[in-house]
Amino acid sequence: PCWRVEQFVVAQECAPCSGFELKTIPACGPTGFIEKINCATSQRQEFKSCRSAALEAQRFWRFVGSALAVAAAAAALVVLRQRELDRRALEKVRKQIESI
């Protein structure tokens, strides 16, 4: 590709590929987004795979949400475990008092 060896100008910003483009343009494969570029020296127009800021933001918030869900589940397990340990400790103290 010319964009690896020479300067280029972005002719069309990063946009999602259509179903037809996914099948016909190999650059759509890795990310599902392409941008059209013009190479300066060879004057060729090519497509380059790119990453969408909106898609990256969506993935980030999905990750944050799943991390919060895991943290909430872990906190709930800690609270339940602490209650069980407290109950066992109280039962042990009660038995010791009864044996006196």
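The values are calculated or read from the model by the stated rules, or taken from the named source; none is laboratory data. Values in this document were obtained by computation on a predicted structure and should not be read as measured data. FYI the Cβ positions are ideal-geometry reconstructions off the backbone, even for glycines, and counts take in every protein chain you see. For accessibility, only protein heavy atoms count, side chains too; no ligands or nucleic acids. Shrake-Rupley method; radii C 1.70, N 1.55, O 1.52, S 1.80 Å.
Numbers below:
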| item | result |
| --- | --- |
| Accessible carbon and sulfur surface of the chain relative to its total accessible area, %, 1.4 Å | 62 |
| Accessible surface, the chain, averaged per residue in Å² (probe 1.4 Å) | 79 |
| Reference-scaled alpha-carbon Rg (2.2 N^0.38 Å with N residues) for region 52-99 | 2.18 |
| Size of charge dipole - the chain - debye, nearest 20, with Cβ of Lys, Arg +1 and Asp, Glu -1, no other charges | 540 |
| Charge dipole of region 1-79 about the Cα centre (unit charges at C-beta), most positive-ward option of V64, A76, I25 | A76 |
| For the chain, with +1 on Lys and Arg beta carbons and -1 on Asp and Glu, the positive-most of Q45, A15, Q96 along the dipole | Q96 |
| About the Cα centre, charge dipole magnitude for region 52-99 (Lys/Arg +1, Asp/Glu -1 at Cβ), debye | 160 |
| Nearest-ten-degree value, helix 53-98 long axis tilted from longest Cα axis of the chain | 10 |
